[in-house]
Amino acid sequence: MSLNHSYTYEIIAQETPYIKRNCNKCKTVREFYCSEKFRVNANQKIVDIWLIYNCIHCEGTWNYPILSRIHINKIDSLLIQKFMNNDQELVWKYAFQINELRKLCSSVSTEIRYEVRKEKLDTLSNEVTIRLCYQYDFGLRIDKLVSDLFGVSRSEVNKLFQNGDISLKPNLTMNSKVINNLLITVIGDWFR
Ligand SMILES: [Zn+2]
């Protein structure tokens, strides 16, 4: 008898993505981390805002442009306050703009620490469906996640997928990125 149980797992990023780009001080490509601080410049009511990154080698800075030459009247005053206060949610919103960052950097590392808030699986289940959700997308690959979740290697994950012991909805491949509301169904006794 097949007992299918559904669970929701939330993927929670523990840090912001690292970027790689040329460091003006080191004179070479270096890894930078997000300082989680904005730089706000207001000059004659014209506002510029950047998110500050620091070189992990020399602490040299790179400023990620967020707003360029915007008239102060065109920005919500509450939003300006959030920029001034380095509001963490706002920092993370921009620090996870991976596609935008990629245009300005050599690369953006999506290999960041994350946790999964998960419900305990029913040990009697031989078929489980997990719905995934997250607030911050960092391009996590499905095979990496499944490997982390169940403690099996990525090659085993791919074998299980080919055998139909793991299926995805929508119909994605194992090397695709995790998307919100992705359903992963696992069958058998290997995942308990
Ligand atoms: Zn440097």
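Figures for the structure shown
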item: Electrostatic dipole magnitude of segment 103-192 [Cβ: Lys, Arg +1; Asp, Glu -1; Cα centre; debye, to 20]; result: 300 debye
item: Computed magnitude of the charge dipole of the chain (debye, nearest 20; Cβ of K, R +1, Cβ of D, E -1); result: 860 debye
item: Within segment 1-107: Cβ-based charge dipole about Cα centre, in debye rounded to nearest 20 (Lys, Arg +1; Asp, Glu -1); result: 600 debye
item: Which of ILE70, TYR134, TYR7, positive extreme of dipole for the chain (C-beta unit charges); result: ILE70
item: Protein accessible area in segment 35-189, 1.4 Å probe - carbon and sulfur %; result: 46 percent
item: Nearest-0.05 FRET efficiency for VAL116 and ASP76, computed from C-beta distance (R0 45 Å); result: 0.85
item: Mean separation of Cα contacts under 8 Å, 6 or more apart, over the residue count of the chain: relative contact order %; result: 27 percent
item: Accessible area per residue, Å², the chain with all protein chains present, probe 1.4 Å; result: 58 Å²
item: Computed accessible area, VAL116, all protein chains, 1.4 angstrom probe, square angstrom; result: 40 Å²
item: Cα→Cβ-extended label distance, 7 Å offset, between LEU124 and LEU183, nm; result: 2.3 nm
item: Residues ARG141 and ASN99, FRET efficiency given R0 of 22 Å [Cβ-Cβ distance, rounded to 0.05]; result: 0.85
item: Fully extended contour minus Cα-Cα distance, from GLN44 to THR61, at 0.36 nm per residue; result: 3.6 nm
item: Using a Förster distance of 41 Å, the FRET efficiency for SER176-ARG69 (Cβ separation, nearest 0.05); result: 0.60
item: Where Cα atoms sit under 13 Å apart: lysine pairs in segment 19-108 separated by 8 or more or lying on different chains; result: 5
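The values are calculated or read from the model by the stated rules, or taken from the named source; none is laboratory data. Keep in mind that this is a model prediction, so the values were computed, not measured. Don't worry about glycine lacking a Cβ; one is built from the backbone with ideal geometry, like all the others, and counts go over all protein chains shown. Each accessible area value is taken on the protein alone, full model and side chains, heavy atoms only, with ligands, DNA and RNA left out. Shrake-Rupley method; radii C 1.70, N 1.55, O 1.52, S 1.80 Å.
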